[in-house]
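Please treat every number below as a calculation from the coordinates, not as lab data. None of these values were measured; they are calculated from a predicted model. Quick reminder, even Gly has a Cβ in these numbers, built from the backbone with ideal geometry, and neighbours come from all protein chains shown.
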Amino acid sequence: MAARDTLVPVEHLTRAIIVLRGHKVLLDEQLAALYGVTTARLNQQVRRNRRRFPSDFLFQLTAQEFSALMLQNATSKSSRGGRRKLPLAFTEHGAIMAATVLNSSRAVEMSVYVVRAFVKLRELLGSNKDLARKLAALERSLLALDLKTQHQFKHVYDAIRALTSEPTSTRRGIGFTADLGPHR
């Protein structure tokens, strides 16, 4: 099967990018799957070529980071294959370097998608900052309007902020939970 038959849309890849230690990264497991190799093979090649991966290209998660990540994603050790070593986190540059040390056509082809996913993520983050800046300028110009119009625009701005802010996590307890409302 050709690599083109299994290409992942950039949008799906951007969801796999997480922020750790202030860096946007892909974990070794996702990168290996993307490049069509096992995680063990990817990590082996990285260890053999360690000089090509400075700390701004690659770092290993701490036990606390890995534990928090597993809790955040609600995954168990058994669903992660019972890893013996902590995962490696690849920045954009590290992911590209990994493609070069793997030296396979699939890895080289997929590295283009990795770059596009990181770029797309940067664009999304930049557009939110630009939108926030424009919204603040509009709010300042709102002061010149009458009170009724100000009140109406305030509702619009609040709605826009709610749509562009991070969603709050609404976690429910495990098991049966009854919503106890008014009895009929």
Which part of the range 36-50 falls in the paramagnetic zone of SER105, meaning amide N under 15 Å from the point 7 Å along Cα-to-beta-carbon? 36
In whole Hz, what ³J(HN,Hα) sequence does the range 107-120 give by Karplus (6.51, -1.76, 1.60; θ = phi - 60°), x for Gly and Pro? 4, 5, 5, 6, 4, 4, 5, 4, 4, 4, 5, 5, 5, 4
What order, most packed first, do the peptides 100-111, 32-43 have when packing is the mean number of other Cβ atoms within 10 Å of each residue? 32-43, 100-111
Hey, with R₀ at 25 Å, roughly what FRET efficiency would ALA40 and VAL112 work out to, going by the Cβ-Cβ distance, to 0.05? 0.55
Name the residues whose placed amide hydrogens come within less than 5 Å of the amide hydrogen of LEU58, ignoring near sequence neighbours (fewer than 5 apart) on the same chain. THR91
Inter-probe distance in nm under a simple model that places probes 7 Å from Cα toward Cβ, at LEU124 and ALA137: 2.5 nm
